[in-house]
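Structure, as structure tokens:
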Amino acid sequence: MIPLAIKLFLGSLWKRLTALLSLVGRYPWQAAVIALCGLSLWLWHGKSVQHRGWVAEIAARNADKVQWQANLAAQIAQVKAQEAKSAAQAKDNAHVETEIRTVYRDRGNANAERMRFDKVCRSPASSPGQDSPAPVDHGPGPDAVLLERRDYDLLIDNTARLEAVHQWGEALLKDGTAVKAENVFPDPAF
């Protein structure tokens with residue numbers, strides 16, 4: 001039932017195996033040294049394959065580390081650029097705010113001088129020798145609000161500051177650094 005080629009192969013293999021065993025029986029120390037050399041070569045080959053795997057893994061980790069460091073450097077550069085841009089915008093806004101404060105202060109001083117209580121609420125003096133007519137009210141009107149000068153100056157300063165903040169916000173929108181609130185929160189109930 002077994003083909004002849006297989007019988008010949010197995011017979012030849014058996015003869016070689018018995019010859020090898022008889023050789024090992026005659027030279028046991030030499031056979032042990034040869035077996036240990038073969039085992040060492042086999043282990044060394046396995047270690048070199050494993051070592052190549054470790055080297056590839058270390059190289060991949062180093063590449064990841066280099067990529068991470070490059071990404072970190074790019075992020076730091078981006079943050080520095082944004083900080084420089086923000087500092088330049090703040091410096092520009094400081095100049096704009098100074099100009100706005102000057103304009104509002106001059107306009108406020110002129111308005112405060114024009115609308116002083118003693119100038120607005122004074123009746124014209126009657127001339128001597130004339131009958132004194134009924135006093136005429138030249139006041140600011142029934143809806144007028146009177147303020148002390150320090151409160152008025154505080155209002156002018158706050159108005160100038162808010163105008164500067166508004167212009168800075170508009171500049172940020174124009175640069176694309178900021179977005180309008182209605183774009184962020186489209187739900188009016190929010």
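The values are calculated or read from the model by the stated rules, or taken from the named source; none is laboratory data. Since the structure is predicted, the reported quantities are computational estimates derived from the model, not experimental observations. Methodologically, a virtual Cβ is constructed for each residue, glycine included, from the backbone with ideal geometry; neighbour enumeration extends over all protein chains shown.
One table, with the values for the structure above:
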read-out: Options Ala181, Ala160: the member that is among the aliphatic types (A, V, I, L, M) and either within 29 Å of the chain's Cα centre (by Cα) or modelled with pLDDT under 80 (or both); value: Ala181
read-out: Selection count where residues are charged (D, E, K, R) and touching a helix residue (DSSP H, G or I) at 6+ places or on another chain (Cβ under 9 Å), scope region 25-64; value: 0
read-out: Residue check for Ala90: out of contact with any Asp or Glu (no Cβ under 9 Å at 6 or more places or on another chain) and farther than 30 Å from Ala164 by Cβ; value: no
read-out: Residues satisfying the stated conditions in region 47-94, i.e. among the aromatic types (Phe, Trp, Tyr) and under 19 Å from the mean Cα position of the chain (by Cα); value: Trp68
read-out: Selection within region 81-98 - within 17 Å of Leu155 (Cα to Cα) and free of Cβ contacts under 8 Å to residues at least 40 places away in the same chain; value: Thr98
